[in-house]
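> Sharing a structure, written as C-alpha cells. Questions coming.
The values are calculated or read from the model by the stated rules, or taken from the named source; none is laboratory data. Please read these numbers as outputs of a predicted model, since none were measured by experiment. Heads up, the Cβs are rebuilt from the backbone with ideal geometry, glycines too, and the neighbour counts pull from every protein chain shown.
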Amino acid sequence: MPDPADPGSEWTVVVDRERCMGTGTCMTYAGNTLELDNEGKAIVRRPISDGLDAVRAAVESCPTEALAVLDAND
C-alpha cells in the first residue's frame with residue numbers, strides 16, 4: 001500500500017494505536033515521520049519525511065510492535 005500522500009511511494013508506515021503505549025522511541029529514529037499526538041500515541045506525519053532505513057529502525061525499536069512498514073508489492 002503506497003503512502004496516499006505520495007502517489008510515487010512504494011511503501012508506507014502504519015501505527016496500531018491499540019498497541020501503542022507512547023514511549024516515543026520511534027521518534028528517536030524517525031522523528032520527521034512519527035510524532036505523539038495529544039493522546040500520547042504515535043501518529044504518522046504526511047508526507048513521510050524520513051528514509052526507509054530510518055523508518056524501519058523506528059519500527060524495530062517499538063517495544064509493543066505497534067508500527068509496521070507496508071510495501072506496495074505485498
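> How many residues are farther than 13 Å from Val69 by Cα, hydroxyl-bearing (Ser, Thr, Tyr) and at pLDDT below 95 if we restrict to segment 1-50?
Adding up the residues that qualify gives 1.
> Take the residues of segment 26-74 that are hydroxyl-bearing (Ser, Thr, Tyr) and surrounded by 15 or more Cβ atoms within 10 Å (Cβ to Cβ): which is nearest to the chain's Cα centre (by Cα)?
Thr33
> Of the conditions (1) in contact (Cβ under 8 Å) with a residue 40 or more places away in the chain; (2) in contact with a strand residue (DSSP E or B) (Cβ under 9 Å, 6 or more places away or on another chain), Glu35 fails just one. Which one is it?
(1)
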